[in-house]
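Asker: Pasting in a structure now, in structure tokens, and then I'll have a few things to ask.
The values are calculated or read from the model by the stated rules, or taken from the named source; none is laboratory data. All values derive from a computational prediction rather than experimental measurement. So basically every Cβ, Gly included, is an ideal-geometry build from the backbone, and we count neighbours across all protein chains shown. For the accessible areas, the whole protein counts, side chains as well, though only heavy atoms, and no ligand, DNA or RNA atoms are used. Shrake-Rupley method; radii C 1.70, N 1.55, O 1.52, S 1.80 Å.
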Amino acid sequence: MSLQEVLERQAIDLPDDTLEALLIHSKKQEGRKVQLRLLSEQELAESIEWMTQIEVFKHIVPLWTDDHSNYVGLYVEGPLAYKLCYINHEETDLSPMYRSTASLIAELEQNPELDWEQMRKDYPSDNDISTEQLAEDIRCMHEMQAILEKDSSMEDDVRCQLLYSLMAITPVSEVDSLLPYVDDEDMYVQERACILLGYHGYEPATELLKEVMKHGSPNGKLAARKALSMIRAKQMDNHIKK
């Protein structure tokens with residue numbers, strides 16, 4: 001059974017260029033030692049079967065594995081369709097890391113010896129993105145915000161993963177939209193918001209982060225401290241460059 005047949009049996013429809021890229025990539029991987037390999041058709045069918053039964057995974061198809069129970073998955077529905085995430089067996093974080101299959105494949109083929117942590121990711125993004133990429137990220141943001149606003153009764157873990165994804169794709173120009181999540185009642189959401197504000201070096205968040213460091217959740221306090229350190233480091237880098 002081919003890759004396309006496996007997907008068709010699960011009513012999963014991928015764009016023709018994505019399927020072709022996966023087939024070409026599969027042939028290039030044959031006989032090579034790589035850190036992330038494409039799943040076999042049987043592995044893919046079995047993985048889809050169990051993942052579709054879990055709410056947070058239901059729109060994701062696992063395609064690559066490191067053979068240590070970790071996967072790279074492709075979103076096939078919703079605002080994040082055709083972006084890719086990492087499925088870690090120890091800690092769930094389904095925020096997108098790559099814009100497209102083509103982007104991930106390019107990185108894998110250029111640096112086959114690197115493990116996941118060492119690879120260059122598309123998200124969180126910096127200022128070096130195209131006008132089209134910026135527009136796409138903002139569209140995704142708005143669609144996910146609409147989902148969150150529409151369903152106030154969604155399960156906590158589903159909400160958390162949606163917010164992880166929303167925050168991950170937030171471009172630098174929209175980073176102020178992360179500020180409300182610094183006060184979120186979910187300590188994991190609060191933690192992630194602090195870290196991303198630090199990652200982007202968002203100086204206007206400094207006083208708010210100081211408050212979180214004093215009065216936030218245990219996760220938030222540690223994340224706020226780290227974020228402030230990251231902001232200071234970016235300030236120093238900018239000063240040196242001037």
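Asker: Based solely on its DSSP helices, what 222 nm [θ] is calculated for the chain when runs of n ≥ 4 H residues each add -39,500 (n - 2.57) and the sum is averaged over all residues, nearest 500 deg cm²/dmol? Write down the numbers at each step before the final one.
Answerer: On the way: 9 runs with 123 residues, N = 242.
-16500 deg cm²/dmol, from helical runs alone.
Asker: With charges set only on the Cβ (+1 for Lys and Arg, -1 for Asp and Glu), what does the dipole of the chain come to about its Cα centre, in debye to the nearest 20?
Answerer: Values: 24 positive and 46 negative charges, 223 e Å.
For the chain, the charge dipole is close to 1060 debye.
Asker: Highest GNM mean-square fluctuation, the chain, Cα pairs closer than 10 Å: which of Pro204, Pro124, Pro79?
Answerer: In this elastic network of the chain, the residue with the biggest mean-square fluctuation among Pro204, Pro124, Pro79 is Pro204.
Asker: Computing the accessible area with a 1.4 Å probe over protein heavy atoms, can you report the carbon and sulfur percentage for the chain?
Answerer: 48
Asker: So, one more: Using the beta-carbon distance between Asp66 and Asp13 and R0 = 25 Å, what value does 1/(1 + (r/R0)^6) give for FRET efficiency, to the nearest 0.05?
Answerer: Values: r = 27 Å, r/R0 = 1.08.
Given R0 = 25 Å and the Cβ-Cβ separation, E is 0.40.
Asker: If I model a spin label at Leu179 and Ala81 as a point 7 Å from the Cα along the Cα→Cβ vector, what separation in nanometres do I get?
Answerer: Between Leu179 and Ala81, the label points sit 3.4 nm apart.
Asker: If you average 1/r over all unlike Cα pairs in the chain and invert the result, what Kirkwood radius do you get in angstrom?
Answerer: Details: mean 1/r = 0.0520 Å⁻¹.
The answer is 19.2 Å.
Asker: Could you give the radius of gyration (one decimal) and Dmax (whole number) of the Cα atoms in segment 1-104, in Å?
Answerer: For segment 1-104, the Cα radius of gyration and maximum Cα-Cα distance read 12.7, 36 Å.
Asker: Once Rh is set to the Kirkwood radius over Cα pairs, what Stokes-Einstein translational diffusion coefficient, in µm²/s, holds for segment 101-186 at a temperature of 4 °C and a viscosity of 1.567 mPa s?
Answerer: Approximately 88 µm²/s, per Stokes-Einstein.
Asker: What angle, in degrees between 0 and 90 and rounded to the nearest 10, separates the Cα long axis of helix 156-169 from the longest principal axis of the Cα atoms of the chain?
Answerer: The angle comes out at about 80 degrees.
Asker: Going by alpha carbons, how many degrees (0 to 90, nearest 10) lie between the helix axis of 187-199 and the longest principal axis of the chain?
Answerer: So the inclination is approximately 80 degrees.
Asker: Compute the long axis of helix 16-29 from its Cα atoms, compare it with the longest principal axis of the Cα atoms of the chain, and write down the angle in degrees, 0 to 90, nearest 10.
Answerer: That works out to roughly 80 degrees.
Asker: At 1.4 Å probe radius, can you tell me the per residue accessible area of the chain in Å²? Display every interim value, and only then the final one.
Answerer: Numbers: 13520 Å² over 242 residues.
Heavy-atom accessible area per residue stands at 56 Å².
Asker: Right, something else. Looking at segment 31-90, which trypsin sites (Lys or Arg not before Pro) are DSSP coil and have at most 11 other C-beta atoms within 10 Å of their C-beta?
Answerer: Values: sites: Arg32, Lys33, Arg37, Lys58, Lys83; in loops: Arg32, Lys33, Lys58, Lys83.
Sites meeting the loop and neighbour criteria: Arg32, Lys33.
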